[in-house]
Amino acid sequence: MDKIKIGVIREGKVPPDFRVPLTPNQCAEIKSTYNNVDVVVQRSPIRAFTDAQYAEQGIELVDSLDSCDVILGVKEVNQEDLIENKSFMFFSHTYKKQPYNRALLQSILSKNIRLIDYEVLKDKRNVRLLGFGRYAGIVGCYNAFLTFGLKHNLYHLKAANKCEDRKEVERELKKVILPNNFKCVLTGYGRVGHGAREILSLLPIKEVDYSDYLSKDFNEPVFTQLEVNNYYERKDGSEFIKKEFYQNPELFDCVFSKYTITSDMYIPCHYWSDKAAFILTKEALKSNDLRISVVADISCDIDGPIASTIRPSKVKDPIYGYNPQLDKEVDYLDDDAIAVMAVDNLPCELPKDASEDFGNELIKHIIPCLVGEDPDQIIYRASQTTLNGELNEPFKYLEDYVSNND
């Protein structure tokens, strides 16, 4: 079997991203598992894991990745760091024809690079295999309760990015004290929603059915997590069929407004199509019966389904206020303000834990296909480009995009 050399690239985005695709232990695991695979790491002063930690696991540190066959990163690789005739794996944010990365894909093609995009690595059932969604949910839900404590001056949690790791985050949660009538609603499951549940399981809060949530009063903190059929319904009044909703969301109305008058906090974890009706509307937020005081928008679609999410926030300044009557940003501590947490790179706040989780999935689902047999063509189906400088067959729809004709 041919020898394969994998390189871990130095992240070059600004602001810096501290995550890695593979931790030191995971690099060592790959080397010990596959006799035909070598792993090297490009030196970096910014990673959550230091160069010394990689060296301690017997991983060679290098300045150049020119000798590598496959190069792994996390965020988009800067064009000047692309190496001709190599295979790269990272989140390119190009397969949806994102205009801000058009030049990146053009450069990849011009340099005869095979781009394997993490975001489109899927199994034979077309289910995504990789992502940082779980830690987006974990950090986003933690930030939600951090925000609630600050908004109502109930308790103060240490920012997740100031914590050493997830264990410290979990210790911080012991400070959370919620009102007896506190109610929180979440939309969406998936990786993000299940990550949020991991935080909720550590809090003094009880899960209740959505119908009880709407109709009953409780003398203890409660939350409900909604399936899409709990807040969308057919416009013609016919039966809700989930598959039909995802195929034709424009046939459905959103009925989320009934939760805005019964909830103190809203945590959006959903995937939303721009063909679907908005969820938390400006009209609902202007209601005299509005109860929501905190929106922790993990999904973070700007000017989209959540009217209070008027911009993304940053890790160092994660909260802003939204005044529904004025439809503008204000101080989140204002009496008439909804406190909005809309950080758009949440997993970066716990880079060590998020990286380890991602690397585990990479080793489990992707590395065997990359270095050995790939009967389900997982790598092929996620390769946007080829080493011949062409779009791969499944991505021919990007031709207009790369030609500036879309």
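Taken together, the values in this text are just the output of simple stated rules run on the coordinates, not laboratory data. In this text, all values refer to a predicted model and were calculated from it rather than measured experimentally. Note that each Cβ is placed from the backbone with ideal geometry, even for glycine, and that neighbours are counted across all protein chains shown.
From least to most packed, judged by other beta carbons within 10 angstrom and beginning with the fewest, Arg114, Arg311 follow the order Arg311, Arg114. Projected onto the charge dipole of the chain (+1 at Lys/Arg Cβ, -1 at Asp/Glu Cβ, origin at the Cα centre), which of Gly304, Gly193, Phe182 gives the Cα projection farthest towards the positive end? Of the candidates, Phe182 comes out farthest on the positive side. With both residues required to sit in region 133-344, DSSP beta bridges show an antiparallel share near 40%. Over the chain, dividing the summed -39,500 (n - 2.57) contributions of all DSSP H runs of at least 4 residues by the number of residues returns a 222 nm mean residue ellipticity of -7000 deg cm²/dmol. Among the trypsin sites (Lys or Arg not before Pro) in region 204-279, those placed in a DSSP loop whose Cβ has at most 14 other Cβ atoms within 10 Å are Lys216, Lys235, Lys275. For region 1-84, report the translational diffusion coefficient in µm²/s to the nearest whole number, using Stokes-Einstein at 20 °C, 1.002 mPa s, and a Kirkwood Rh over Cα pairs. Calculated translational D: 164 µm²/s.
Taken about its Cα centre, region 177-250 carries a charge dipole of roughly 200 debye when the Cβ of each Lys and Arg holds +1 and the Cβ of each Asp and Glu holds -1. Computed about its Cα centre, the charge dipole of region 341-406 is approximately 120 debye, with only Lys, Arg, Asp and Glu carrying charge at their Cβ. Straight Cα distances below 16 angstrom link Lys111 to the lysines Lys86, with same-chain residues fewer than 8 positions distant left out.
Summing charges over all other residues whose Cβ lies under 10 Å from the Cβ of Ile302, with Lys and Arg as +1 and Asp and Glu as -1, gives -3. Each Lys and Arg contributes +1 and each Asp and Glu -1, all at the Cβ; summed about the Cα centre of the chain, the dipole is approximately 340 debye. Pick out, from Leu104, Val20, Val70, the residue whose Cα sits farthest towards the positive end of the charge dipole of region 1-127, with +1 on the Cβ of Lys and Arg and -1 on the Cβ of Asp and Glu. Of the options given, the answer is Leu104. Taking only alpha carbon atoms, region 133-344 gives an Rg to Rh ratio of 0.95, where Rh is the Kirkwood radius.
The loop-placed GluC sites (Glu not before Pro) in region 335-406, going by DSSP, that have at most 14 neighbouring Cβ atoms within 10 Å of their Cβ come out as Glu373, Glu390. Compute the long axis of helix 24-33 from its Cα atoms, compare it with the longest principal axis of the Cα atoms of the chain, and write down the angle in degrees, 0 to 90, nearest 10. Tilt relative to the chain: about 50 degrees. Binning all Cα-Cα separations of the chain at 10 Å, short to long from zero, yields these whole-percent fractions: 4, 21, 28, 24, 16, 6, 0. Sort out for me the Cα centre separation of region 373-406 from region 243-257, rounded to whole Å. The distance from the Cα centre of region 373-406 to that of region 243-257 comes to 31 Å. When DSSP beta bridges are restricted to pairs lying wholly in the chain, around 30% turn out antiparallel.
Tell me the GluC sites (Glu not before Pro) within region 198-281 that lie in a loop according to DSSP and have at most 16 other beta-carbon atoms within 10 Å.
Glu227, Glu239
The lysines within cross-link reach of Lys242, meaning a Cα-to-Cα straight distance under 20 Å and a gap of 8 or more places when in the same chain, are Lys275. FRET efficiency for the pair Asp51 and Asp334, taken as 1/(1 + (r/R0)^6) with r the Cβ-Cβ distance and R0 = 35 Å, rounds to 0.15. Between the Cα long axis of helix 351-361 and the first principal axis of the chain there is an angle of about 70°, rounded to the nearest 10.
Scaled against 2.2 N^0.38 Å for its residue count N, the alpha carbon radius of gyration of region 35-88 is 1.18.
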